[in-house]
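S.K.: The following block contains the structure, expressed as structure tokens.
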Amino acid sequence: AAAAAAAAGVRQRGSPGSRGRAQGTWSAAENTVFFGMLGTHGRAFDVLHDALKDSKSREQVRCYYYRIIKKINQIVGHTGTRFDKSTGPEGDRVVEAMLRWYSLLRRGTADDTSTALLRASANLDPAQRHRMADLILGDGPSA
């Protein structure tokens, strides 16, 4: 799994251009690995971290996961839906929503860093927010 992260171009800690472990920004390559592993393994933080251990701590992986859930809850809040830290079938629903969120935002930006993705979802006007909520919840066409 660590080899997959290296092959995807994840920066090594301390390498030129690396922002270090304290930095909260995730590169496009790190997002690709994170969401790819999330789609395959769900909320298995140990597995997610193992794929990113050269550039992210387990705590950074866990915090990023919950930061995305918080952002999704801000988008879908008007619908009365709220995602939480559930596991099992509800946890699968959370992961599906996260993968849809990531896919939708990647379509709208060439910059796949975490900062750009989170900023893009924060800058939605009300109509866009409603449309994105429908798509995240699986209630709208995917195109």
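The values are calculated or read from the model by the stated rules, or taken from the named source; none is laboratory data. Note that the coordinates shown come from a computational prediction; the quantities given were computed from them, not determined experimentally. Positions of Cβ are backbone-derived with ideal geometry, glycine not excepted, and every protein chain shown enters the neighbour counts. What goes into the accessible areas is simple: the full protein's heavy atoms, side chains included, and nothing from ligands, DNA or RNA. Shrake-Rupley method; radii C 1.70, N 1.55, O 1.52, S 1.80 Å.
S.K.: If we count every other residue with Cβ under 11 angstrom of residue 63's Cβ, Lys/Arg +1 and Asp/Glu -1, where does the sum land? Could you put the intermediate results ahead of the total?
M.R.: Details: positive: 56, 58, 62, 67, 70; negative: 59.
Overall, the nearby charge balance is +4.
S.K.: Sticking with the crude label model, points 7 Å out along Cα→Cβ, report the distance from residue 139 to residue 79 in nm, one decimal please.
M.R.: In this crude spin-label approximation the distance works out to 0.5 nm.
S.K.: A follow-up question, please. How high is the FRET efficiency from residue 93 to residue 125, r the C-beta distance, R0 25 Å, rounded to 0.05?
M.R.: E between residue 93 and residue 125, to the nearest 0.05, is 0.40.
S.K.: Something else about it: Out of the total accessible area of segment 28-137 (probe 1.4 Å, heavy atoms of protein only), what percent is carbon and sulfur?
M.R.: Roughly 50 percent of what the probe reaches on segment 28-137 is carbon or sulfur.
S.K.: Just need the relative contact order of segment 19-107 here, percent rounded to a whole number, with Cα pairs under 8 Å and 6+ apart. The partial results should precede the final answer.
M.R.: Numbers: 57 pairs, mean separation 24.8, N = 89.
The normalised contact order for segment 19-107 reaches 28 percent.
S.K.: Using the charge dipole of segment 28-137 (Lys, Arg: +1 at Cβ; Asp, Glu: -1 at Cβ; taken about the Cα centre), state which of 120, 63, 97 has its Cα farthest towards the positive end.
M.R.: Result: 120, furthest along the dipole toward the positive end.
S.K.: Could I ask something else about it? Evaluate E = 1/(1 + (r/R0)^6) for residue 46 and residue 25, where r is the Cβ-Cβ distance and R0 equals 25 Å; express this FRET efficiency to the nearest 0.05. Spell out each step's value before the answer.
M.R.: Numbers: r = 23 Å, r/R0 = 0.91.
Calculated transfer efficiency: 0.65.
S.K.: Now a separate question. For segment 28-137, what is the charge dipole size about the Cα centre, in debye to the nearest 20, if Lys and Arg each add +1 at the Cβ and Asp and Glu each add -1 at the Cβ?
M.R.: The dipole of segment 28-137 has a size of about 260 debye.
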